[in-house]
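Report on the following structure.
The values are calculated or read from the model by the stated rules, or taken from the named source; none is laboratory data. Only a predicted model underlies this, so the values are computations on that prediction, with no experimental measurement involved. Cβ placement follows ideal geometry from the backbone for every residue including glycine, while neighbour counts extend to all protein chains displayed.
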Amino acid sequence: MEGGTGGDIDLRSFAVRLRRMTAELNRIAQEFAAAYGLHTTDLRALIIILDAPTPITPSRLREELNLTSGAVTACLDRLERAGHIRRVRDAHDRRVVHLHYLDAAKEFAAAFFRPLGRSTDQVVRRFSPEELRTAAAFLDAMNDELIALRDAP
């Protein structure tokens, strides 16, 4: 694998690249959170709620965030007051609550992150479908490993 300088990419240089990208993405996320009065935890919760394939429960969110029930309740209260989410009781089991990211809040976030989307699209266009599949496979594998590390005893 070739690097930007023409040399082989070793583990250290790969790690540096990943940290730089993570730091830049975190900076953008922090700017979004600050611009709209959100805590970092609130933003993490919104991302989890948005990315979930189906509406998740507060207890599942608590597990994902590794927070206490009280901290998650306070986070959800803030997000609901700010108009980002809605809590909906399950029609079949009223004890179960599902979290929904509101469409207006999605549009709001999409407008903020639109420049990032354009930049991502510009980068994606530089690579072949096969290269993108390889990059996606790498990112999936890294995420799986990170989850395994998090879940390890």
Total residues in segment 124-153, condition of a type in the set (A, V, I, L, M, F, W, C) and loosely packed, with under 10 Cβ neighbours inside 10 Å
3
Among the residues of segment 67-112, how many are surrounded by 13 or more Cβ atoms within 10 Å (Cβ to Cβ), free of Cβ contacts under 8 Å to residues at least 40 places away in the same chain and over 21 Å from residue 40 (Cβ atoms)?
3
Among (1) acidic (Asp, Glu); (2) surrounded by 12 or more Cβ atoms within 10 Å (Cβ to Cβ); (3) farther than 15 Å from residue 44 by Cβ, there is one condition residue 64 misses while meeting the rest; what is its number?
(3)
Please give the number of the condition residue 123 fails out of (1) more than 30 Å from residue 80 (Cβ to Cβ); (2) under 18 Å from the mean Cα position of the chain (by Cα); (3) among the β-branched types (Val, Ile, Thr).
(2)
Residue under question is residue 107, and the condition is that it be modelled with pLDDT of 95 or more and either more than 17 Å from the chain's Cα centre (by Cα) or of a type in the set (Asp, Glu) (or both); does it hold?
no
For segment 71-92, check the following and say yes or no: at least one residue is at pLDDT 90 or above, of a type in the set (Asp, Glu) and either within 17 Å of the chain's Cα centre (by Cα) or under 20 Å from residue 150 (Cα atoms) (or both).
no
